[in-house]
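The values are calculated or read from the model by the stated rules, or taken from the named source; none is laboratory data. Keep in mind it's a predicted model, so treat the numbers as computed, not measured. Cβ sites come from the backbone with ideal geometry, for glycine too, and all protein chains shown count toward neighbours. Heavy atoms of the whole protein, side chains included, go into the accessibility calculation; ligands, DNA and RNA do not. Shrake-Rupley method; radii C 1.70, N 1.55, O 1.52, S 1.80 Å.
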Amino acid sequence: MKYFLAIIGGGPAGYTAAEKASKAGKDVVLFEQNAVGGTCLNVGCIPTKSLLYGAKQYYNATHAQKYGVTAENVAFDFAAMQKRKTIVVRKLVAGIKQRLNNEHCTLVSGAAAVVSRTDELVTVSCNGETYEAENLLICTGSTNFVPPIPGIKENEYVWDSTDALAATELPKSIIIVGGGVIGMEFATLYHELGVPVTVIEAMPTILPNLDQDIVNVLLEKYKKAGINILTSTKVESIEGGKVNVKSQISNDQLQISAERILVSVGRRANLQGLEALNDLELNRGAIIVDEFMKTNLPNVYACGDVTGKIMLAHVAARQAEVMVGRLLKQIPLQRIAYNAIPSVVYTNPEIASVGITEQQAAELNIEAEVRQLPMTFSGRFMAENEGETGLCKLVLDTKKQTILGVHCIGNPCSEFIAAASFAVRMGYTTAEFEQVVFPHPTVSEILHEII
Ligand code: NAD
């Protein structure tokens, strides 16, 4: 049998493409070596959020006095939190399998590799069988990057995020190398469960790509809460559970130790199984694609982390929708609005943003007006966030008054950032966005207040 589309990798990019193409009546074969759902569902977003939610319940119970509630003998069971996480993941994996269950979709469990390619036919092998398809979609994702730090490899004290998610016991103390998204989410998890945390970040700030006024609200709270955050600090070497660091400012050297060292310094595209595509064009180890996710090879496409664009599950899924739309010649053709991709960091308080920051506007020489308000302008925020401040920033094109970016810190901003994404995506002016009515009382009203 010749398939219309062979897809390698069943994460958010791969399963979205498989569902969309097969439901349009095209024969699709999808190869996945682990469980469908990819990094996000199995060892990323979903398990992290499940554990973070458990930690937040414990933290809130132990910090409820400010709301007039006292709870005694509050305890948590980490093994039970892990068990619940596994059940959540298992149910969602089953849900994805259900979505792919149709006569045009074949799911093959195993590690696939491209055998050969012509402009008419791609041959893929998996578990000793060969499969032929007119088109190939690569959705092989990414893996944790291991930096070249002496002592990091084969060190039983060193974890990556997958090890941390699998652990059945909490470490007694932890050093987190990399104050990016993964690092700060795990810092939140461990801190809320009472584990002493040290974060080591090479750049002058944590979460360097986010608006720095927003990040400073988090930094202030976390430092006050006792999380040890060392910025402008580089790891020189690791010896067992000891980390030798050097300040980039003072050149001072320090040795810190902990029961575990979590390394979260970024991820790299996974190109295994693609060796036969030796003329596939790459940029810094990621597959180059055009606006419709097409590579330099006529019938080969790539979506998700492997393209090295924005490593987020919702970007991967949207890329897959656009790619299949193009392949099926759906009219009108759609493109991805990379300028309007929302992102969330699940710290406590959480951070949500879309579009450009004030700092990026300056770098791009965009004449931008910035408006900002504390989250306390929202009645619901005041009612539910005792002792918290929070911040919302709006970046506008000065002349056109169009909304270029929105950046928030304060719970639960992840739940309303989509409204801001809509405004950025549609190129709304403040006058247009002002006509949108937000329900009262909700924290989302901050978007109306700030206009
Ligand atoms: P990241 O790029 O977000 O952060 C890595 C951090 O490590 C950076 O701040 C960098 O300056 C720092 N760093 C690099 N080398 C270092 C060194 N030797 N010593 C100290 N610090 C060093 O990468 P990540 O946190 O590993 O996340 C990987 C990807 O997964 C990202 O693209 C992220 O967006 C995605 N992700 C998203 C979410 C979410 O959307 N909520 C959650 C987790 C991961």
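Hey, quick one: spin label on residue 330, modelled 7 Å out along Cα-Cβ, who in region 294-316 has an amide N within reach, i.e. under 17 Å?
What the label zone holds, given the 17 Å backbone N cut-off, is 294, 302-304, 314-316.
Please give the contour-minus-distance gain from residue 426 to residue 90: 0.36 nm per residue of separation, less the Cα-Cα distance, rounded to one decimal in nm. Show your work: numbers first, answer last.
On the way: separation 336, 0.36 × 336 = 120.96 nm, distance 3.67 nm.
This chain segment gains 117.3 nm when fully extended.
List, in the order given, every pair from 83/242; 23/329; 223/246; 26/97; 85/294 whose Cα-Cα distance in the structure shown is over 25 Å. Let's see the in-between values first.
Working: 83/242 31 Å; 23/329 15 Å; 223/246 20 Å; 26/97 18 Å; 85/294 36 Å.
Too far apart for the 25 Å limit: 83/242; 85/294.
Can you pull the percent of the chain's accessible area that's carbon plus sulfur, 1.4 Å probe, other chains left in place? Spell out each step's value before the answer.
On the way: 10750 of 21450 Å².
Reported share for carbon and sulfur atoms: 50 percent.
Determine the gain in length on full extension of the stretch residue 239-residue 78; use 0.36 nm per residue of separation and subtract their C-alpha separation, reporting nm with one decimal.
Values: separation 161, 0.36 × 161 = 57.96 nm, distance 2.81 nm.
Result for the pair: 55.1 nm of gain on full extension.
Where the centre of each part is set by its Cα atoms, how far does region 1-77 sit from region 323-368, in angstrom?
Measuring centre to centre over Cα atoms gives 21 Å.
Which of the DSSP-defined H helices in the chain satisfy a minimum axial length of 18 Å, computed from C-alpha atoms, and a minimum mean Kyte-Doolittle hydropathy of -1.0? Can you show the working numbers first?
On the way: long enough: 45-62 (25 Å, -0.26); 78-99 (32 Å, -0.08); 212-225 (19 Å, -0.34); 313-327 (21 Å, 0.39).
TM-like helix candidates: 45-62, 78-99, 212-225, 313-327.
At what distance in nm do the modelled label points of residue 366 and residue 143 sit from each other, each positioned 7 Å from its Cα along Cα→Cβ?
Calculated label separation equals 3.7 nm.
If I take R0 = 22 Å and measure r between the Cβ atoms of residue 119 and residue 33 in this structure, what FRET efficiency does the formula 1/(1 + (r/R0)^6) give, to the nearest 0.05? Please list the in-between numbers first.
Values: r = 27 Å, r/R0 = 1.25.
Approximately 0.20, to the nearest 0.05.
Could you give me the ³J(HN,Hα) list for region 375-392, computed from phi with Karplus coefficients 6.51, -1.76, 1.60 and θ = phi - 60°, whole Hz, x at Gly and Pro?
4, 5, 6, 8, x, 5, 4, 4, 5, 10, 10, 4, x, 9, 9, x, 8, 10
What is the Å³ per residue value for the convex hull set by the Cα atoms of the chain?
Residue-normalised Cα hull volume stands at 167 Å³.
Do you know the relative contact order of region 158-265, to the nearest whole percent, from alpha carbon pairs under 8 angstrom that are 6+ apart? Don't skip to the end; give the middle numbers.
Values: 188 pairs, mean separation 40.1, N = 108.
Here the relative contact order equals 37 percent.
Could you check the simple spin-label distance between residue 382 and residue 399, using points 7 Å along Cα→Cβ, in nm with one decimal?
4.0 nm
For the modelled label position 7 Å from the Cα of residue 225 along Cα-to-Cβ, which residues of region 30-70 have backbone nitrogen atoms closer than 18 Å?
48-67
Can you list the aspartates and glutamates whose alpha carbon is less than 19 Å from that of residue 153, not counting same-chain residues fewer than 8 positions off?
Filter leaves 163, 236, 239, 259.
Say the cut-off is 26 Å between C-alpha atoms; which of 49/224; 66/91; 2/309; 56/234 go over it? Show your work: numbers first, answer last.
Numbers: 49/224 24 Å; 66/91 36 Å; 2/309 31 Å; 56/234 30 Å.
Distance filter (> 26 Å) returns 66/91; 2/309; 56/234.
At 0.36 nm per residue, and after removing the present C-alpha to C-alpha distance, how many nm does the segment from residue 435 to residue 129 gain when stretched out fully?
Numbers: separation 306, 0.36 × 306 = 110.16 nm, distance 5.83 nm.
Length gained, residue 435 through residue 129: 104.3 nm.
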